[in-house]
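Working notes for the structure below.
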Amino acid sequence: MLKLPHQLRLPRGGHRSAPARATFQDHRFGSHKCLASRSARLRLPPSSQGAARDAYDQTEDGRRLKWLPICDEFTRESVALEVERRMEAKDVVRVLAAAVAERGAPAYIRSDNGPEFIAKAVREWIAGQGFQTLHIEPGSPWQNAYSESFNSRLRDELLNREIFATLAEAKVLGRDYRRSYNEQRLHSSLDYQPPAEFAQCCLSAVGA
């Protein structure tokens, strides 16, 4: 179990909804087989992909929190982990814009059919950036497997362990979790490297 960099609290009772899901695959790697010398099982994809879907939680006063995790389908990096009281189309555009500014536009982003993902403003912004959306079939979460995997860990390791006093506290702990996930968590599918280290290895190989 991942040891989080903050004190864990006992989870409150009650059912928690599954997170929203989206994935984002980094364009920087292209189709270069950067890991051929490290593992025959690991290959870079021919195009960039990402995934996203939101998640619900609440602060201890009962007010809603809505999380938006975005992950990279190839490096397994957590590209973004945002939380607000409400997550609307403008918020999705803001988070995606920050990701694209940092990493460049993906070939496409995979998500469910939540209203914030299929909103006209989001679709128009994505089209303007030159990439596409891939919406999974309703009731088919397995079509967004990488995002499902990340959100399962997010639920077990953060949302089910913390009682958030305020939105500000949720933002801080979310940033801590994302940093720990990217820089410390070892992934068997990445030859037991953390996602950030794996991504840097690939960039170094591509640039060699």
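Every number in this text was worked out from the coordinates using simple rules, so none of it is lab data. The shown structure was predicted, so the numbers you read here are calculated from the model rather than taken from an experiment. Don't worry about glycine lacking a Cβ; one is built from the backbone with ideal geometry, like all the others, and counts go over all protein chains shown.
With a/c under 1.5 counting as rounded, go ahead and sort segment 103-208 into rounded, prolate or oblate using the C-alpha gyration tensor (a ≥ b ≥ c being the square roots of the eigenvalues; past the cut-off, prolate if a/b is larger than b/c, else oblate). Kindly include the intermediate steps, with their values, before the conclusion.
Working: a/c = 1.64, a/b = 1.09, b/c = 1.51.
Oblate, since a/c reaches 1.5 and b/c is not below a/b.
In straight Cα distance, which aspartates and glutamates are under 12 Å from K120, not counting same-chain residues fewer than 8 positions off?
E88
In nanometres, what is the gap between the two model label sites at E88 and R63, each 7 Å from Cα along Cα-to-Cβ?
1.6 nm
If R₀ is 25 angstrom, what is the calculated FRET efficiency for the pair Q184 and Y56, using the beta carbon separation as r and rounding to 0.05?
Values: r = 26 Å, r/R0 = 1.05.
Taking R0 as 25 Å, the efficiency between Q184 and Y56 is 0.40.
Can you give me the distance in nm between label points at E124 and A97, each placed 7 Å from the Cα along the Cα-to-Cβ direction?
Between E124 and A97, the simple spin-label model gives 1.4 nm.
If the cut-off is 13 Å between C-alpha atoms, which aspartates and glutamates fall inside it for K171, apart from same-chain ones fewer than 8 positions away?
D57, E82, E84, E162
Using a 7 Å offset from the Cα along the Cα-to-Cβ direction at both A145 and A165, what is the distance between the two label points in nm, to one decimal?
The answer from the label model is 4.2 nm.
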